[in-house]
């Protein structure tokens, strides 16, 4: 077993680059237990946590007291780096940060992080706009298992992942503790505890959901529905709430990083499906259906890539899917700056090329169309050099992403 502190993450390089180049605060978001605090503390001189009573007293005294704690009036050879963790639990956290940054921002580099609830509290009237840059942290992936240096462009050359690394990702997921621990009993216990913390802590604190029992039923249904279209009327009927409530609860679970939605792309697609999103779990390791696990596995890799590329300034990326009224479908479409870039159809074993790839490539004018097959062995060829629809091993395709 490898301890998290002993194995660097991609985000160490990303945040180190930010601290060297930008004066804005780094706002680090991501799912619970994805490794935010561990990564941020490695890069910092000073760590203040709202949950620590002593730290909280100093934070409540205002920007001047925080500056004193950080020693900003003393001569220092290097600009200090401070992590403020769980600060969003303070009702006036945005005002505190705004006042502190406007007064002392040139003397210190700040990293702000916390639980997944931070992303919920960040939204709405954003008084911090222009004062921070956003970095969304994801679990381990094939690409991060191969390399953790800062990317200079979106796509890497292909590289072969070690069999033990691939097996660990597939069986235990990409969250650091189970991925590095690699013990099935531990993974099951970790997964259960994480879901309990979501339903019992995050939901109660963020949304004041009164009927937690019904919400837990919804969570169980969604866990069994990964890689499927969300039909809100069916969900609402099954848990006996209104359609609006079902939509609101699913959106909340998405913002708490329990899962995520992928919406259809319909520009230049004849008779395209426009409404129903697809739902994906953030943790694929607990999915019993191997087909759903394969699609969710690739979906999580693609989400990490599009959000990472966006955060690093390579462009504005989106993850979508394609489906028309004739029920032709392609699992994913990656869009760059509002233009379709590449399509991905995921298969567990099937190597016969899906005709939907050529059909939708002709309509969307996407540059690439991949049928990504999980069971195929690694092939040392750059799939992004091929413009026609092509069958690609998942081990090759995913190695070229973040």
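Residues checked against (1) surrounded by fewer than 22 Cβ atoms within 10 Å (Cβ to Cβ); (2) over 22 Å from residue 30 (Cβ atoms); (3) in the same structural domain as residue 147 (by TED's automatic domain parsing):
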| site | (1), (2), (3) |
| --- | --- |
| 292 | yes, yes, yes |
| 306 | no, no, yes |
| 336 | yes, yes, yes |
| 384 | yes, yes, yes |
| 396 | no, yes, yes |
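Evaluating residue 390 against the criteria (1) touching a strand residue (DSSP E or B) at 6+ places or on another chain (Cβ under 8 Å); (2) over 21 Å from residue 292 (Cα atoms); (3) in a loop (DSSP other than H, G, I, E, B) leaves one unmet condition, (3).
Here residue 144 meets the list (1) under 23 Å from residue 296 (Cβ atoms); (2) more than 16 Å from the chain's Cα centre (by Cα) almost entirely, failing just condition (2). Of all residues in the stretch 261-277, those being touching a helix residue (DSSP H, G or I) at 6+ places or on another chain (Cβ under 7 Å), surrounded by fewer than 20 Cβ atoms within 10 Å (Cβ to Cβ) and touching a residue at least 40 places away in the same chain (Cβ under 8 Å) number 2. Scanning the stretch 80-104 for residues that are part of a loop (DSSP other than H, G, I, E, B) and surrounded by fewer than 21 Cβ atoms within 10 Å (Cβ to Cβ) returns 80, 90, 91, 92. Selection of the stretch 318-328 for residues being modelled with pLDDT of 95 or more and more than 20 Å from the chain's Cα centre (by Cα) yields only 322.
Condition check ((1) within 24 Å of residue 327 (Cα to Cα); (2) under 21 Å from the mean Cα position of the chain (by Cα)) across all residues:
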{"position": "201", "(1), (2)": "no, yes"}
{"position": "240", "(1), (2)": "no, no"}
{"position": "245", "(1), (2)": "no, no"}
{"position": "249", "(1), (2)": "no, yes"}
{"position": "259", "(1), (2)": "no, yes"}
{"position": "286", "(1), (2)": "no, yes"}
{"position": "296", "(1), (2)": "yes, yes"}
{"position": "304", "(1), (2)": "no, yes"}
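When restricted to residues that are in a loop (DSSP other than H, G, I, E, B) and buried (at least 22 other Cβ atoms within 10 Å of the Cβ), the stretch 353-373 contains 1.
Scanning the stretch 66-78 for residues that are within 21 Å of residue 18 (Cβ to Cβ), out of contact with any strand residue (DSSP E or B) (no Cβ under 6 Å at 6 or more places or on another chain) and in a loop (DSSP other than H, G, I, E, B) yields a count of 4. Scanning the stretch 105-123 for residues that are assigned to a loop (DSSP other than H, G, I, E, B) and either at pLDDT 85 or above or in contact with a strand residue (DSSP E or B) (Cβ under 7 Å, 6 or more places away or on another chain) (or both) returns 105, 106, 107, 108, 114.
Of all residues in the stretch 198-229, which are at pLDDT 85 or above and out of contact with any strand residue (DSSP E or B) (no Cβ under 7 Å at 6 or more places or on another chain)? Before you say what the answer is, go through the steps one by one.
Taking the stretch 198-229 first, the residues at pLDDT 85 or above are 214-229.
Passing the criteria: 214, 215, 216, 217, 218, 219, 220, 221, 224.
The values are calculated or read from the model by the stated rules, or taken from the named source; none is laboratory data. Just so it is clear, the structure is predicted and the values come from calculations on it, not from any experiment. We place every Cβ from the backbone using ideal geometry, glycine too, and count neighbours over all the protein chains shown.
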